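The values are calculated or read from the model by the stated rules, or taken from the named source; none is laboratory data. Please read all numbers here as calculations on a predicted model, not as lab measurements. In this analysis, Cβ positions are derived from the backbone assuming ideal geometry, glycine residues included, and neighbour counts consider all displayed protein chains. The accessibility values were calculated without ligands, DNA or RNA, using every heavy atom of the protein model including side chains. Shrake-Rupley method; radii C 1.70, N 1.55, O 1.52, S 1.80 Å.
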Amino acid sequence: MTYLENAKQYTGSDLENIFFRPILTGQSAKDLGVRVLYNMPQDTRVQLWDGQRNILQKFTSAGWAGSSPATKIEKSIDLQRVKAEVGFAAADYFSMVYEKIASIVDVNMEDLSGTILEQAETELFRKTLAENIRATMWVGDTSASSGYNTFDGFLKQLKTQSTNQTIYNFTYQDSDLADNGYAEELFDKLWSKADPRTQDLKGEGQLAYFVSSDICYLYEKYLDEKGVDSAYIDSVNGRPQLAYHGIPVVDVRMGSYLSSTSLHKSFALLTDRRNLVMAVNTADMPGNEVRMWYNPDEMENRQRAVFMAGCLLLDEVLITYAYKQ
């Protein structure tokens, strides 16, 4: 066997349970670092409730003394129908799938069943698709003529709304980044300029600084300069998770994607993770599917996924944004 010919198609519940749910729920969703909505009814609406303040009253008499309802922010996510297509030379594809099978414990390489092959092929495509969803979630720009242009990602929305002054934002320069200590100064300014509602959310453990890799590296260099034993140990062993005053610092790892875009290349934003919403739907549009097949004319293995996706900044007030001018 030097190539794989069996076609595979996932639709309906198989599309959801076998292919998409493993990359959009549980730990996989948590790894994306934002709020993920999967197969919410169309059109996908997101609510953010502001619990009414000062609802306690003196109990002086019977009857109803309630006032206006709690404030609700509701937005609809503009889901776009997208497709992902990948083609591999048959020999290369077989080698990649075979390598994945070889890494599975207790597999008889002389008797590969259809199930084992299907799992390996599915995992190969699923991993590629998950990374592309993550990348578009951040750098998507529908105005771009090429690249990640299927739906507007968070950075495009941030750039547009910071220009419109709907989000509190400020800029920094290359000269600022020459000082390792500027990373701490930047985080402190993002915090001090944040809306009190954002600061009040710290106790819920969902606040995060989402930063470009250069800011993350600058902060690590700053921590390395601390004259304590723990700083030396961390500079040798690395730091699995950065934080500033208990708030995680998340490297969005978009450097290789941003180089060919018109979006801000260096940035930092402070917000609640639940305020950044990624939505994927595979159930409410006819024709949504994942298909893998062999094309004998081209001697090529092909993979295709058709689904709907979009993302949204829910409440602009809960965002403080800084970027390099």
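In the condition set (1) open to solvent by less than 20 Å² (accessible area, probe 1.4 Å); (2) within 19 Å of GLY255 (Cβ to Cβ), GLU131 is compliant with all but (1). Could you list all residues from region 172-187 that are within 18 Å of HIS245 (Cβ to Cβ) and touching a residue at least 60 places away in the same chain (Cβ under 8 Å)? Scanning region 172-187 gives GLU184, LEU186, PHE187.
Matching residues to (1) in a loop (DSSP other than H, G, I, E, B); (2) closer than 30 Å to LEU223 by Cα; (3) aromatic (Phe, Trp, Tyr):
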position	(1), (2), (3)
LYS100	no, no, no
THR115	no, no, no
PHE125	no, no, yes
ALA130	no, no, no
ASP141	yes, no, no
THR160	no, no, no
GLN165	yes, no, no
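State whether the residues of region 212-225 include one that is of a type outside the set (S, T, N, Q), within 19 Å of ASN275 (Cβ to Cβ) and touching a Leu at 6+ places or on another chain (Cβ under 9 Å). Show your work before the answer.
Quick first cut of region 212-225, residues of a type outside the set (S, T, N, Q) only: 214-225.
Within this subset, residues satisfying the condition of being within 19 Å of ASN275 (Cβ to Cβ) are none.
Within region 212-225, none of the residues are of a type outside the set (S, T, N, Q), within 19 Å of ASN275 (Cβ to Cβ) and touching a Leu at 6+ places or on another chain (Cβ under 9 Å).
Checked against the criterion of being within 18 Å of GLN80 (Cβ to Cβ) and either over 21 Å from the mean Cα position of the chain (by Cα) or assigned to a loop (DSSP other than H, G, I, E, B) (or both), region 19-31 has no qualifying residue. Highlighted here are the strands (runs of 3 or more DSSP E) found entirely within region 233-325 that include at least 2 residues which are among the hydrophobic types (A, V, I, L, M, F, W, C), open to solvent by less than 30 Å² (accessible area, probe 1.4 Å) and under 15 Å from ALA135 (Cα atoms): 276-281, 300-313. Entry remark, region 169-196: residues being buried (at least 18 other Cβ atoms within 10 Å of the Cβ) and either assigned to a loop (DSSP other than H, G, I, E, B) or at pLDDT below 95 (or both) number 1 in total.
Checked against (1) of a type in the set (Gly, Ala, Ser); (2) in a helix (DSSP H, G or I); (3) over 23 Å from the mean Cα position of the chain (by Cα), GLY227 meets all criteria but (2). Sub-7 Å Cβ pairs linking a first residue in region 13-32 that is of a type in the set (Ser, Thr, Tyr) to a second residue that is open to solvent by 50 Å² or more (accessible area, probe 1.4 Å), at least 6 apart or interchain, are SER28/PRO22, ordered by first then second residue.
Return the pairs, sorted by first residue and then second, in which the second residue is open to solvent by less than 40 Å² (accessible area, probe 1.4 Å) and among the polar types (S, T, N, Q), the first residue lies in region 78-91 and is farther than 17 Å from LEU37 by Cα and in contact (Cβ under 8 Å) with a residue 24 or more places away in the chain, the beta carbons are less than 6 Å apart, and the residues are 6+ apart or on different chains. Partner pairs satisfying both residue conditions: VAL86/GLN303; PHE88/ASN301; ALA90/ASN301.
If the condition is being open to solvent by 10 Å² or more (accessible area, probe 1.4 Å) and under 22 Å from the mean Cα position of the chain (by Cα), then region 208-218 contributes SER213, ASP214, CYS216, TYR217.
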